[in-house]
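Presented below is the structure to which this report refers.
We did not get these values from a lab; they are worked out from the coordinates using the rules stated. Note that the structure is predicted; figures quoted are calculated from it, not measured. Counting neighbours? That spans all protein chains shown, and the Cβs are built from the backbone with ideal geometry, glycine included.
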Amino acid sequence: MSKPAKIIDLKIPKERRIICISDIHGNLDLLLSLLDKVKFSCDDMLILLGDLYTKGPQSYETLKYVIKLCKKNNVYAIRGNSDWVNDNINDSEKEWIENLPHIIETSDYIFVHGGISSNDLSKEKADECMKNDAFMEKDLAFEKYIVTGHWPTVNYCHKIPSHNPIINEKKRIISIDGGTIKYGGQLNAFIIRNSKFTFEYVDFLPAFEVRKKQFESGGTLNITWNDRFVELIEKGEEFSIYKHIKTGQALFIPNISAWIDDNGNICAANLATDYYLPVDAGEIVFVEKRFSNKIFAKKDGVMGWVNL
């Protein structure tokens, strides 16, 4: 049986800047770059929303840095579902991870890695707080804003892929995971001050100068993880035509983006979109993947195709 969620109550003045960062996933260089970009200081409150150190290129270095950072009285971390205790870390580090809270509550906000089930936090379970897939798409609404990570925001984008934070005013849910371990992912800093929201992000994608003007087009389908099943229609050398099972729509998908799962289903995700970015000649975009006649690129956190 899952243990009750550990909850911390914080008193944060409205005028104090709250910086929220989720799903660092062992990308220490990204974290340091982002903290520098937002000019994080002792005047701010920093809340790290879990999935701190696993799956990335600098896992142990990130864990050590975050533990040191959390010794400051203005930095707090929440445990995520991927914050595993393993034999590669020492006993004090294991204890630190196991003692992390699952929820941080303030007068206006609730911070949690995965999600919650109701406004009554006393009923929340640790496992469900850490892993709550597609939380924003559930039939839930809250009294306070719920700030979450865990589910990359691009997985909520069924037409145009974006890694930027998403705010659902009706449900009062804010999702901020920029998908650092996904194609084109970024590390987001969601910033709250005086009840106003802004954000910044960093990634290390290479810059590319667009050669010719291109108008926005497509934007009718972005295949997300929950709806990833497709059917092969016509095989090509670099791209193939697939039909998306849920919508019945056909689109060109890079062969590297398709695979067969353990049950024999054909799946596609990442780069599986018909969206073409609006760009001008000479404009700078950032490249995730290059193909023979086009690139998959990012502009202001939004992903799409750019013809070469």
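In this label model, Asp29 and Ala281 are separated by 3.5 nm, measuring between points 7 Å along each Cα→Cβ vector. Under the criterion of Cα pairs below 8 Å and six or more residues apart, the relative contact order for the range 207-307 equals 33 percent. Neighbour counts of other Cβ atoms within 10 Å put Arg79, Arg172, Arg228 in the fewest-to-most order Arg172, Arg228, Arg79. Rounded to the nearest Å, what's the spacing between the alpha carbon centres of the range 152-166 and the range 60-121? Just the number, please. So the separation of the two Cα centres works out to 25 Å. Placing pseudo-labels 7 Å out from each Cα toward the beta carbon at Lys72 and Phe142 gives an inter-label distance of 2.5 nm. For the range 32-161, the relative contact order works out to 22 percent when only alpha carbon pairs closer than 8 Å and six or more residues apart are counted. Among Leu48, Leu221, Leu187, the largest mean-square fluctuation in a Gaussian network model of the chain, built with springs joining Cα atoms closer than 10 Å, belongs to Leu221. May I ask for the distance between the Cα centers of the range 280-294 and the range 171-226, given as a whole number of Å? If we compute the Cα centre of each part, the gap is 16 Å. Treat each spin label as a single point 7 Å out from the Cα along the C-beta direction, and report the Glu105 to Ser217 distance in nm. Going from the Glu105 label point to the Ser217 one covers 5.3 nm. Helix 28-37 and the longest principal axis of the C-alpha atoms of the chain enclose an angle of approximately 80°. Straight-line reach from Lys213: taking Cα to Cα under 24 Å and skipping same-chain neighbours fewer than 8 places apart, the lysines in range are Lys159, Lys289, Lys294, Lys298, Lys299.
About the centre of its Cα atoms, the chain shows a dipole size close to 620 debye [charges on the beta carbon of Lys, Arg (+1) and Asp, Glu (-1) only; nearest 20 debye].
Between 0 and 90 degrees, the angle of helix 59-69 with respect to the longest Cα principal axis of the chain falls at about 40 degrees. Among residues other than Trp84 with Cβ under 11 Å from its Cβ, the summed charge is -1 (Lys and Arg +1, Asp and Glu -1). Available extension along the chain between Ile245 and Val85 is 53.8 nm, counting 0.36 nm per residue and deducting the alpha carbon span. Mean-square fluctuations from a GNM of the chain, with a 10 angstrom spring cutoff on Cα atoms, peak among Asn88, Asn164, Asn99 at Asn88. Within the range 207-307, the ratio Rg/Rh, alpha carbon atoms throughout and Rh by Kirkwood, equals 1.00.
At q = 0.09, 0.10, 0.19 Å⁻¹, what is the log10 ratio I(q)/I(0) for the range 7-202, with the Debye formula run over Cα points and no solvent? Cα-only, vacuum Debye calculation for the range 7-202: -0.29, -0.36, -1.45. Report summary: the helix-based calculation at 222 nm, which adds -39500 (n - 2.57) for every DSSP H run with n ≥ 4 and divides by the residues of the chain, gives -3000 deg cm²/dmol. Full extension of the chain between Lys55 and Lys39 gives 3.1 nm of extra length, using 0.36 nm per residue less the Cα-Cα distance.
List, in the order given, every pair from Lys37/Lys123; Lys68/Lys125; Lys11/Lys131; Lys14/Lys171; Lys125/Lys182; Lys144/Lys246 whose Cα-Cα distance in the structure shown is over 31 Å.
Lys37/Lys123; Lys144/Lys246
Most fluctuating residue of Leu46, Leu34, Leu232 in a GNM of the chain with Cα springs under 10 Å: which is it? Its mean-square fluctuation being the largest, the pick is Leu232.
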